[in-house]
Each structure stands twice: as structure tokens, then as C-alpha cells.
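Reading through the C-alpha cells given below for one structure.
The values are calculated or read from the model by the stated rules, or taken from the named source; none is laboratory data. Everything quoted here is computed from the prediction, not taken from an experiment. Glycine gets a Cβ as well: all are built from the backbone with ideal geometry, and neighbour counts include every protein chain shown.
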Amino acid sequence: MNRKFSIFLVSLLTLSMVLAACAPAPTVAPAATTKPVEQPTQAPAKPAEITLGLALSTLNNPFFVTLKEGAEKEAAAAGVKLIVVDAQDDPAKQAASIEDLINKKVDALLINPTDAEAIVPSIQKANAAQIPVFTIDRGAAGGEVVSHIASDNVAGGKMAAEFLCKAIGGKGNVVELQGIAGTSAARDRGQGFDDYMKANCTGATIVAQQTADFNRSKVLSVFENILQAQPDITAVFAHNDE
């Protein structure tokens, strides 16, 4: 191959490349379009309703009535269904009502126990059904509880004792009207009160300690009997101020 032919061939290839680069892009026929099939509009799925069970020891007490009303208000604001049951201070009735709530498959249980020991089997049944349990105001002696929501009753009893001791000048005869036996609230308030009185109010004497079940009418009867036996009373500490 002579030099002239080589130059010609290179020039031809170069020209071909330039022409190819400058040539307009080939026209591609548009693909046939198909009108999309309109799908019916579906409403968004409604979220499952959350249902909570609130098992109260009693509604014959202003404190628990207020608790119920507060729970109902917050449940309504959150769009949650709330089922409230009243044990009327009866552990057997509370056990039956909690079993009913478990059978209704509530999403969580909020329990204010009538008795710390008696409530344990009910909590264990809820645990077996994988229903979270929360205790309110009063604790439980067993079972798996997610959280206990309450004031510090030991500290409350101590504060009451400190106030009472100061009010009576550190001396005198004192009566303690206790709450429902078996409840953590009564046990803890009594512990806080008694511990402070023994350590810091030694001039005062607790002359009577009797259960009045957090109940106003029973307190009246119990205290009348105490007054007959102990007429010289300086101060009274009641586990429930209702």
C-alpha cells in the first residue's frame, strides 16, 4: 500500500467519523401509547381501635371517681376506648371483672388493686395473654407489671407525722385510723407515719391503731368506739382524708 493511498484511507475514515458525529440522531418512532386503566380510589385503612381496661378498687371514694374522670378525659382526647370496672372493694369481684377484660382482649390493663396479694393471679392471667399491666395508686405483690404509677406513700405518711407532731408540740395521745388491710397504700402510709413518730416524736403515744377501710362511714363508727375507750385524744391520723 503506497503512502498516498494510506493518507486517503485515513482521511476517509476521519471524514466518516466527523460526519457520523455531526449527523442528526436517528428519529425513533414513538411507541404506541395505551391509556392507563383507572384504578378505583381506595380509602386509607382505618387504624385498629385501641382498647384499655381500667379496673378500680371502688368508686365509692372521691379520689377514685376523680381518677376515673381523668382517665376518661385523656382516653377521649387520644381516641382510645376505655372500659372501666368497679370492684366495690371486693377482691373476688375484681378478679372476675379483670378476667372479663382479658376475654375482651383489651390492649392493656390499668389496675388499682383491692388487695396486693389477691390481685396476683389476675395479673398472671393477663401476662399469659400477653396483655401489658400497669398498677395505679396501689401496688401488687407479684406478677409482671410494666409500670407502677403512684405517689410515694411512705413519704406521705412521714410528712403527715411530721406535721402532726409539730401541731401537738411533740406530745399527746394519737389515734391512727388505717386503710384497707392488704393494700400497699395503707401499709406504706402506716410505715412512714409510724417510723417518724417512733424516731422523732417520742413524747407522743399512739394509743390506738384500727382499720377503717378508707371509708368515711366506717371511720365514724370505729372512732366513736375508740373515744369510749380512750377519751383523752390529742390528734388523729387517718390514712384517707376523705
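Residue-wise test of (1) touching a residue at least 60 places away in the same chain (Cβ under 8 Å); (2) not in a helix (DSSP H, G or I).
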| position | (1), (2) |
| --- | --- |
| THR205 | no, yes |
| ALA208 | no, yes |
| PHE214 | yes, yes |
| SER221 | no, no |
| GLU224 | no, no |
| GLN228 | no, no |
| PRO231 | no, yes |
| VAL236 | yes, yes |
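Where residues in the stretch 117-135 are in contact with a strand residue (DSSP E or B) (Cβ under 9 Å, 6 or more places away or on another chain) and of a type in the set (A, V, I, L, M), which of them is surrounded by the most Cβ atoms within 10 Å (Cβ to Cβ)? Before you say what the answer is, go through the steps one by one.
In the first step, residues of the stretch 117-135 are kept if they are in contact with a strand residue (DSSP E or B) (Cβ under 9 Å, 6 or more places away or on another chain); the result is 119, 122-123, 126-127, 131-135.
Keeping just the survivors that are of a type in the set (A, V, I, L, M) gives 119, 123, 126, 131, 133.
Working: ILE119: 30, ILE123: 22, ALA126: 24, ILE131: 18, VAL133: 25.
Among them, the one singled out is ILE119.
Just checking, does the stretch 173-184 include any residue being closer than 21 Å to HIS148 by Cβ and assigned to a helix (DSSP H, G or I)?
yes
Kindly evaluate ALA141 against the criterion of being modelled with pLDDT of 95 or more, crowded, with 20+ Cβ neighbours inside 10 Å and assigned by TED's automatic domain parsing to the domain that holds VAL65.
no
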